[in-house]
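The values are calculated or read from the model by the stated rules, or taken from the named source; none is laboratory data. Keep in mind it's a predicted model, so treat the numbers as computed, not measured. Cβ placement follows ideal geometry from the backbone for every residue including glycine, while neighbour counts extend to all protein chains displayed. Keep in mind that these areas ignore ligands, DNA and RNA; they rest on the heavy atoms of the full protein, side chains included. Shrake-Rupley method; radii C 1.70, N 1.55, O 1.52, S 1.80 Å.
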Amino acid sequence: MVRWNGFANSQNLRFLLNKGLELYQHYAPQYPGLGWVTDARRFGAMLPADQQWAVADWNHRACAAGIRRLVFLTPENIFGQIAIQQYAQNTAHATGLRVSCVSSVEAAVRELAG
């Protein structure tokens, strides 16, 4: 699970997403049910350039690694909500990834299982 605690500058955001993907690729063969959950409850705004990078670059690498679903714990603040909504809309148009938002870790587990 990736957990955010506010705004992340471009360098930190990209590092964390890339590192998370690297770990996913390493452990996915051992754990076939492995999924991607982001605790975005404290997530802040996301720069447009980072939105574009995530959709055009990271998403394609995530799909190639076998990720098909991205589950977010819904952000508590409006800036995070807007950022995740924009990302989800752009992702739906650009890749085969399914993005969903849920209110709890338990709901995230159910979402990935279903």
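Points worth noting:
- R0 of 35 Å, Cβ-Cβ distance residue 28-residue 78: FRET efficiency to nearest 0.05: 0.55
- In Å, descending, principal axis extents of the Cα set of the chain: 36, 28, 25
- Amide H contacts of residue 72: 38, 100, 101, 102, each under 5 Å away and 5 or more positions distant or on a separate chain (H built 1.01 Å from N in the peptide plane; Pro and chain starts excluded).
- Calculated from backbone phi, Karplus (6.51, -1.76, 1.60) coupling profile of segment 93-106 in Hz, x at Gly/Pro: 7, 9, 9, x, 6, 9, 10, 9, 10, 9, 9, 8, 4, 4
- 50, 57, ranked by accessible area, largest first (probe 1.4 Å): 57, 50
- Applied to segment 4-16, the Karplus parametrisation 6.51 cos²θ - 1.76 cosθ + 1.60 on θ = phi - 60° returns per-residue 3J(HN,Hα) values of 9, 10, x, 5, 10, 5, 4, 4, 5, 4, 5, 4, 5 Hz, with x for Gly and Pro.
- Using just its DSSP H runs of length 4 or more, each adding -39500 (n - 2.57), the chain gives a mean residue ellipticity at 222 nm of -15500 deg cm²/dmol after division by all residues.
- Value of Rg to Rh for segment 1-63 (Rh from inverse mean 1/r over Cα pairs, i.e. Kirkwood): 0.98
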